[in-house]
Amino acid sequence: MNILIAYGTSEGHTHKIAQTVASQIEKMGHEAVLYDTARNPEGSRPDEFDRIVVAGSVHERGHQQSVEVFVLANKAVLDEKPTLFLSVSLSAAFADGQAEARSYIDRFVEGTGWKPGHSLPVAGATHTGEYDYFQTQILEHGVLKDRTETGGDAEFTDWQALSDAIDSFVTS
Ligand SMILES: Cc1cc2nc3c(=O)[nH]c(=O)nc-3n(C[C@H](O)[C@H](O)[C@H](O)COP(=O)(O)O)c2cc1C
């Protein structure tokens with residue numbers, strides 16, 4: 001089986017997630033192809049794949065525009081194949097952020113009209129050295145609030161939960 005992993009990333013964590021997913025798929029004996037939607041959102045050939053994973057991260061409550069363009073451009077193909085949508089956010093890292101994390105997926109589904117076969121909120125990471133003043137303010141006051149310190153880089157991804165989701169997506 002060959003599986004396309006189309007992803008959008010702003011600070012690189014979703015790229016790391018996409019790479020991790022690809023190597024798991026390969027270890028399971030299948031072929032995985034990574035596709036960065038920012039490079040050329042309409043240039044991939046999802047029709048040539050058996051299954052498709054779409055991954056994007058959330059900034060100010062929305063996913064990358066390139067991920068949206070990819071989905072809109074390939075909606076007919078996505079509708080007829082087994083698909084998994086991974087929505088990477090910091091809200092997904094906290095027990096009291098789960099409803100918010102799910103709402104990003106609902107918003108994406110509403111905006112694109114694409115209903116992924118499966119979807120999973122995935123907890124992301126902070127890269128505090130890379131943010132400008134405004135990004136830091138948004139993160140501290142809009143997203144993290146007082147839930148955790150923002151003093152350094154932190155990775156919240158539950159790699160085991162992600163691995164389980166990929167396992168069941170590939171074997172189902
Ligand atoms: C400016 C900014 C805005 C963000 N907005 C949100 C948000 O609205 N909700 C949320 O849960 N996480 C938010 N995040 C957290 C990102 O989703 C998280 O850092 C994720 O790991 C980024 O993935 P990426 O490195 O692939 O872009 C924001 C992060 C930044 C820097």
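Tabulated data for the structure shown
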| read-out | value |
| --- | --- |
| Matching residues in segment 19-37 - criterion: being open to solvent by 20 Å² or more (accessible area, probe 1.4 Å), in contact (Cβ under 8 Å) with a residue 12 or more places away in the chain and in contact with a strand residue (DSSP E or B) (Cβ under 9 Å, 6 or more places away or on another chain) | GLN19, GLN24, HIS30, GLU31, VAL33, LEU34, TYR35, ASP36 |
| Top-ranked residue in segment 118-152 [being modelled with pLDDT of 85 or more and part of a loop (DSSP other than H, G, I, E, B); ranked as farthest from the ligand (Cβ to nearest atom)] | ASP132 |
| Residue tally, condition away from the ligand (no atom under 16 Å from the Cβ) and under 22 Å from PHE108 (Cβ atoms), over segment 1-13 | 2 |
| Odd one out for GLU100 among (1) modelled with pLDDT of 95 or more; (2) under 21 Å from ILE17 (Cβ atoms); (3) open to solvent by 90 Å² or more (accessible area, probe 1.4 Å) | (3) |
| Search result, residues across segment 153-172 that are of a type in the set (Asp, Glu) and either free of Cβ contacts under 8 Å to residues at least 12 places away in the same chain or assigned to a loop (DSSP other than H, G, I, E, B) (or both) | ASP153, ASP158, ASP164 |
| Filter result for the condition that a residue is touching a Gly at 6+ places or on another chain (Cβ under 9 Å), of a type in the set (A, V, I, L, M, F, W, C) and modelled with pLDDT of 95 or more, over LEU86, LEU34 | LEU86 |
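The values are calculated or read from the model by the stated rules, or taken from the named source; none is laboratory data. Since this is a predicted model, take the numbers as computed values, not measurements. Note that each Cβ is placed from the backbone with ideal geometry, even for glycine, and that neighbours are counted across all protein chains shown. What goes into the accessible areas is simple: the full protein's heavy atoms, side chains included, and nothing from ligands, DNA or RNA. Shrake-Rupley method; radii C 1.70, N 1.55, O 1.52, S 1.80 Å.
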